[in-house]
Amino acid sequence: MQVWTKLFAKSPFKPLIKHAEVVLEAVGTLEKALGAWERGEYEKMREYARRVDDLEDFADRIKEEIRDSLSSKLFMPVNRGDILGYLEMQDKIADAAENTAKWLLVRDPNNIPEDIKDEVRTLIMTMSQESIKAAKLVYEAIVQMDRVIESGFGEKEIEREYAIIKEIESVEHKIDELDTRFMEIIFKNSAKMEWGLGMYLLNIAKTISNISDKAKDAAERIRLMMNK
Amino acid sequence: MIELLSDPWLFITIAVGLFMAWAIGANDAANSMSTAVGAGAITPKQAVIIAGVLEFTGAYLFGKSVTETVRKGIIDASQISDPNVIVYGSIAALLAASLWLLFASKFGLPVSTTHSIIGGIVGYGIVYAGTSIVNWGKMAQVIASWILSPIFGAIVAFVVIKLVSKTILQQKDPIESAKKWAPVWIGLAFVVIGSMFYIKVMHGKSLFIAVSRYGLAAGVGAFLVSFALLRKNVKATDPYWGVEAIFRKVQVLTSAYVALSHGANDVANAIGPVAAVYAVATMGLAGMKVPVPRWILAMGGLGIAVGVATYGYKVMETVGKRITELTNTRGFSIDFSAATVVLVASSLGLPISTTHTVVGAVIGVGLARGVKAINKDIVKDIVISWFVTVPVAAIIAGIVFKILMIVG
């Protein structure tokens with residue numbers, strides 16, 4: 001009986017979780033690209049960077065589908081606007097990952113002055129590890145939101161959700177600090193670098209830190225969903 | 001029976017009555033199973049089989065053997081002296097109601113079969129004797145039920161789902177809480193089912209007897225059985241899934257009961273007018289109440305069962321799936337609330353439509369933030385269909401009646 005599956009009044013939460021999965025994969029692939037950079041495998045780095053681009057495209061398509069299905073005809077336990085706002089932020093996480101990937105495709109990061117090379121690399125790697133943590137937490141947050149609804153907005157499940165949100169916020173805070181330190185290093189050593197390299201490195205750090213910024217915004221939206 | 005069928009008008013009435021029974025099965029009977037199907041407790045195929053068998057059993061074994069020929073006294077039968085009017089009118093009313101039900105089923109709208117047949121009767125009544133023949137007090141009750149049924153359904157379901165959430169889903173360990181509380185909820189549901197069995201299926205009158213003799217026995221029994229069963233073998237990795245699994249089994253039983261009760265009650269909508277014509281054919285006069293032969297009840301039951309099998313899935317689809325995504329706890333809350341509302345209302349003499357109450361209950365569960373998405377458009381279509389049921393059935397019946405009066 002095919003009619004049965006055809007006209008299903010779908011809840012937006014499963015597709016939202018699917019979208020979060022793709023976003024997480026995009027950020028994870030970016031981390032791999034940066035890992036390849038660290039090891040000096042530039043060909044591999046570009047390959048991963050292009051893959052991030054594809055994943056961002058895929059996330060975009062899922063986003064459009066969710067938007068189209070979330071018509072005002074639906075009556076939901078959470079505000080439709082909050083869901084759309086959340087989706088927008090979750091999608092921007094993938095956008096931010098793609099922005100970093102774009103910079104990686106523009107040029108190879110050679111000629112970094114030897115005395116700061118290690119520190120620059122370590123900082124970038126730490127930031128990327130933290131940003132993948134943020135993306136993972138966002139994925140957990142939306143899965144948990146589904147459980148909040150499943151439990152009929154049970155206190156216990158809401159508490160868990162708040163714990164995840166707080167963790168996202170602390171990750172974002174940590175990346176912000178790393179980003180500031182990174183900027184200080186670059187500007188202190190600007191005389192040793194051509195301007196293009198400085199701009200390149202600064203932008204990579206900025207776009208990575210953007211990932212956690214957007215993760216924080218997404219967490220903020222989930223908070224709104226719970227306070228109807 | 002054979003010589004009776006040689007009476008062409010009786011034969012036609014029976015044929016139209018069968019059509020009506022089929023339409024009832026197609027539209028209404030599916031409602032009983034649709035929440036269970038929507039919650040994934042049973043497959044549509046299983047639902048069709050269970051509902052078909054139980055609807056027939058309800059209609060044949062428990063259908064009223066004496067039925068009012070003019071349903072619920074909606075028109076004043078004493079104003080009709082010509083037996084031909086009863087014959088033509090009954091055919092017109094049945095035809096109009098079944099055509100409207102057919103149309104509603106086609107679009108997956110759950111409308112009230114009782115209201116359809118009332119519309120048909122009012123239609124021919126007005127064409128025959130003008131508006132004075134209609135008992136407008138009764139009519140006002142019908143109209144009130146459009147508003148009352150969904151509102152009561154929504155309020156009770158809202159409270160029930162909130163309480164189920166509080167006692168089970170929101171607890172630290174939902175499965176452990178379910179082991180304690182599910183038997184209480186199941187017991188309560190069976191108090192309602194037992195009482196309903198007395199009032200709706202056995203056509204008893206007193207709510208007190210219903211609850212004290214049948215309800216409590218069923219409730220305590222269900223409590224003990226479910227308590228014992230739940231003490232062992234409930235294992236689940238996901239607590240919410242585990243709770244749903246517990247309620248899934250209960251839902252099959254509650255739905256099955258609704259189907260049985262529906263067969264016992266709504267078969268009258270199809271065979272009431274047939275019985276009226278049967279009385280004219282055998283006794284030559286139009287009476288208010290006539291005994292109905294068993295074979296007419298059987299035909300009604302068969303018609304309903306065939307309707308469920310051939311068309312019922314369409315409406316199951318609307319209530320079960322298109323309105324909302326249901327889980328078993330929510331499906332249980334809806335069934336339980338609708339049954340409670342219908343029980344209390346019918347013993348208080350309030351006019352309540354089961355169909356409308358179920359839809360109201362679905363919305364109530366939605367308002368309690370219990371479901372993830374309800375399609376507002378479908379709800380709007382359903383509500384509109386309720387308001388046009390009586391007028392549309394009345395107009396069709398009026399036209400058919402006029403034609404029959406001229407031709408016959």
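The values are calculated or read from the model by the stated rules, or taken from the named source; none is laboratory data. What you see is a predicted model, and the numbers here were worked out from it, not measured in a lab. Cβ: placed from backbone, ideal geometry, glycine included. Neighbour counts: every protein chain shown. These accessible areas exclude ligands, DNA and RNA; they are computed on the full protein's heavy atoms, side chains included. Shrake-Rupley method; radii C 1.70, N 1.55, O 1.52, S 1.80 Å.
Brief remarks on what is shown
- Residue that is farthest from the chain's Cα centre (by Cα), among those in the range A:185-228 that are within 14 Å of chain B (Cβ to nearest Cβ) and assigned to a helix (DSSP H, G or I): A:MET226
- Taken over the range A:9-63, residues that are within 14 Å of another protein chain (Cβ to nearest Cβ) and outside any helix (DSSP H, G or I) amount to 4.
- Just one of (1) at pLDDT 95 or above; (2) in contact with a Gly (Cβ under 9 Å, 6 or more places away or on another chain) fails for A:ARG147. It is (1).
Condition check ((1) over 30 Å from B:PHE158 (Cα atoms); (2) of a type in the set (Asp, Glu)) across all residues:
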| site | (1), (2) |
| --- | --- |
| A:TYR162 | no, no |
| A:GLU184 | yes, yes |
| A:LYS188 | yes, no |
| A:LEU201 | yes, no |
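- Qualifying residue in the range B:168-184 (condition: within 14 Å of another protein chain (Cβ to nearest Cβ), assigned to a helix (DSSP H, G or I) and of a type in the set (S, T, N, Q)): yes
- Top-ranked residue of the range B:369-389 - restricted to ones that are touching a Gly at 6+ places or on another chain (Cβ under 7 Å) and at the interface with another protein chain (Cβ under 9 Å from one of its Cβ atoms), ranked as most open to solvent (accessible area, probe 1.4 Å): B:ARG369
- Qualifying residue in the range A:193-213 (condition: without any contact (Cβ under 8 Å) to a residue 12 or more places away in the chain, more than 16 Å from A:LYS136 (Cα to Cα) and of a type in the set (Phe, Trp, Tyr)): yes
- B:VAL192 meets each of the listed conditions (1) surrounded by fewer than 17 Cβ atoms within 10 Å (Cβ to Cβ); (2) in a helix (DSSP H, G or I) apart from (1).
- Those residues of the range A:64-99 which are within 14 Å of another protein chain (Cβ to nearest Cβ), surrounded by 17 or more Cβ atoms within 10 Å (Cβ to Cβ) and in a helix (DSSP H, G or I), in sequence order: A:ILE66, A:ASP82, A:ILE83
- B:VAL258 closer than 26 Å to B:VAL365 by Cα, assigned to a helix (DSSP H, G or I) and at pLDDT below 80: yes
- Identity of the residue in the range A:132-182, without any contact (Cβ under 8 Å) to a residue 40 or more places away in the chain, under 29 Å from A:LEU202 (Cβ atoms) and surrounded by 16 or more Cβ atoms within 10 Å (Cβ to Cβ), that ends up farthest from the other protein chains (Cβ to nearest Cβ): A:LYS133
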